[in-house]
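No lab work stands behind these numbers, since they all come straight from the coordinates. Small disclaimer: the values here were computed from a predicted structure and weren't measured. Here Cβ is always computed from backbone atoms with ideal geometry, including for glycine, and neighbour counts include all displayed protein chains.
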Number of protein chains: 2
Amino acid sequence: MENDDLQPRKRRLTRAEARARTRELLLDAAARIFARKGFAGASVEEIAEDAGFTIGALYSNFSGKQQLFLELMARGAQDRITEAATVLEQQEHATPEEARKALGQLMVEVADKDLNMAPLQAEFWLYAIRNPETMETLSRQLQGPRETLERLIAGQLEREGSRYPRELAGRLARVMFVLFQGMVRERRLDPDGVPAELYADALRWLLTGVAASEALPADP
Amino acid sequence: MENDDLQPRKRRLTRAEARARTRELLLDAAARIFARKGFAGASVEEIAEDAGFTIGALYSNFSGKQQLFLELMARGAQDRITEAATVLEQQEHATPEEARKALGQLMVEVADKDLNMAPLQAEFWLYAIRNPETMETLSRQLQGPRETLERLIAGQLEREGSRYPRELAGRLARVMFVLFQGMVRERRLDPDGVPAELYADALRWLLTGVAASEALPADP
DNA sequence: GTCTATAAACAGATAGAC
DNA sequence: GTCTATCTGTTTATAGAC
């Protein structure tokens, strides 16, 4: 019995790998429980159990509840915007109307399928404003997706023909980002009041308005 | 000494009035503590102390922490939108640009001065999605401000000359409402990134876009 | 009506067995 | 590395004094 080393499929994990796997399982469970009960409402015992371990295992991998939460905050809540942005970028949608519809559909999917994302993000925000030393962690997490969105918008504006102020894409990205998060939240309270079309409408209004009110005079 | 009855300024409160006053003080304290610590993180002892009473007094006026929270949820977090809407309605601002600037200024004031509103609203939302039987309470609380905003927008659209679909004001109100809440939240994380002008910009984009893409053909 | 004292349950964290 | 057992502090809620 000396085949210790050569099982490509499911060889025994090294200690480091096993530890890393335990950490991941604990973090995943923590995300679920924090989303469901909130930071203060969640108990470490519940998290450990949900991951299939005990309190002891949790404390041998993390310093406690707070570290678990902060690692999740730094990791981010499954960045759907980046995911979607890259999809859109690759597709090169024919008409803007199609792109808006796709984004509206994405909003509905995020709100209805990924039920943990919005509550987790709300927990992060509350924790950050109550513990200002963690604000930067959260800001950094949100920066990535927003910048992706900004690039996407900048590209779209360029493709459009007219010329725009240089910082416009950044401001517009911020507005669209906030709007997206807000609509996902609002939809949880009132699904009928926030259909995919409403988000598509809002995008059409914003982009039409930008084109009408921000376009610079063409230069020779 | 029989002036028991006739002191208009500060006569002794009746038992019912004293009780009502105690309840109000406890509710105000609860709003502060819930905003600062969250529902799960707040303790009834802290709330009672902050109001200047003891746990016993709290339990003689409320069935417990949950009832306190639910009464706050029904009462709402100091409805600034209604307040602002009525102000704008009375002013009949000369130019739309002035109105947008005033709204941007209001957004900044709410975000910077009324520090408890946004966290409380976030706590309400989290509680509602975790306890669906309370969703209607929260929805009702938000319905008032949104309808006020809707009337305001409907009036503005009418004054504008062009004709619009009847349900447009409701959809636009929802978008602006979500945007307002979202920007207030975002500003707490990054004040420089969300100045008053950004909200004014967003409103200009939205309204310009609506005028450009939703106006109906004039009927004779 | 409000306060003091306390009951009963539960939390986060640690120590030592395996 | 993970589990069992436990320590310590805190919580909600109540009972009875004033």
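Residues of A:207-216, mean number of Cβ from any other protein chain within 10 Å of their own Cβ, rounded to a whole number? Present the calculation step by step, with values, prior to reporting the outcome.
Details: counts 3, 9, 13, 6, 4, 7, 7, 4, 0, 0.
Mean shielding count: 5.
If you take each beta carbon of peptide A:189-197 and count the beta carbons of other chains within 10 angstrom, what is the mean? Before the final figure, lay out each step's value.
Numbers: counts 9, 6, 0, 0, 5, 4, 1, 0, 1.
Mean partner-chain Cβ count within 10 Å for A:189-197: 3.
Rounded to the nearest 0.05, what FRET efficiency do B:ARG12 and B:GLU45 give with R0 = 25 Å and r taken as the Cβ-Cβ distance? Could you check? Walk me through the numbers before you get to the answer.
Working: r = 29 Å, r/R0 = 1.17.
It comes out at approximately 0.30.
Between copies, how close do the A:GLU158 label points come, placed 7 Å along Cα→Cβ, listed in nm from shortest?
List, nearest first: 4.7 nm.
Can you compute the helix-only [θ] at 222 nm over chain B? Use -39500 (n - 2.57) per DSSP H run of at least 4 residues, normalise by all residues, nearest 500 deg cm²/dmol. Mind dumping the intermediate values first?
Numbers: 10 runs with 159 residues, N = 220.
The per-residue figure over chain B is -24000 deg cm²/dmol.
Skipping prolines and chain starts, which residues have an amide H placed within reach, meaning under 5 Å, of the one on A:ARG163, given they are 5 or more residues away or on another chain?
A:LEU216
For peptide A:180-186, how many partner chain Cβ atoms fall within 10 Å of a residue's Cβ, on average?
6
Give, rounded to the nearest 20 debye, the magnitude of the charge dipole that the protein assembly as shown has about its Cα centre when Lys and Arg contribute +1 at Cβ and Asp and Glu contribute -1 at Cβ. Present the calculation step by step, with values, prior to reporting the outcome.
On the way: 60 positive and 70 negative charges, 180 e Å.
So the dipole magnitude of the protein assembly as shown works out to roughly 860 debye.
In whole Hz and in residue order, list the ³J(HN,Hα) couplings for the range B:17-27 that follow from phi through the Karplus curve 6.51 cos²θ - 1.76 cosθ + 1.60, θ = phi - 60°; x for Gly and Pro.
3J(HN,Hα) across the range B:17-27, in whole Hz: 5, 4, 4, 4, 5, 4, 4, 4, 4, 5, 5.
Could you work out the per residue convex hull volume over the alpha carbons of the protein assembly as shown, in cubic angstrom? Don't skip to the answer; put the middle values down first.
Details: hull volume 94.7 nm³, N = 440.
Convex hull of Cα atoms, per residue: 215 Å³.
Could you check the spin-label model distance between A:ARG151 and B:GLU158? Points 7 Å from the Cα along Cα→Cβ, value in nm.
Result: 4.9 nm between the two label points.
Hey, in the GNM for chain A with a 10 angstrom Cα cutoff, which one of A:ARG100, A:ARG36, A:ARG171 fluctuates hardest?
Of A:ARG100, A:ARG36, A:ARG171, the Gaussian network model singles out A:ARG171 as fluctuating most.
Which values of log₁₀ I(q)/I(0), to two decimal places, follow from the Debye formula for chain A at q = 0.11, 0.17, 0.18 Å⁻¹ with a uniform point scatterer at every Cα?
Scattering profile of chain A, log10 relative to I(0): -0.69, -1.18, -1.26.
Taking the Cα centre of the protein assembly as shown as the origin and placing charges on Cβ (Lys, Arg +1; Asp, Glu -1), which of B:LEU68, B:LEU120, A:MET73 is farthest toward the positive end of the dipole?
So the residue we want is B:LEU68.
Quick one: if the Förster radius is 41 Å, what FRET efficiency do A:SER213 and B:ARG130 give, using the C-beta to C-beta distance and rounding to 0.05?
Numbers: r = 41 Å, r/R0 = 1.01.
So the FRET efficiency works out to roughly 0.50.
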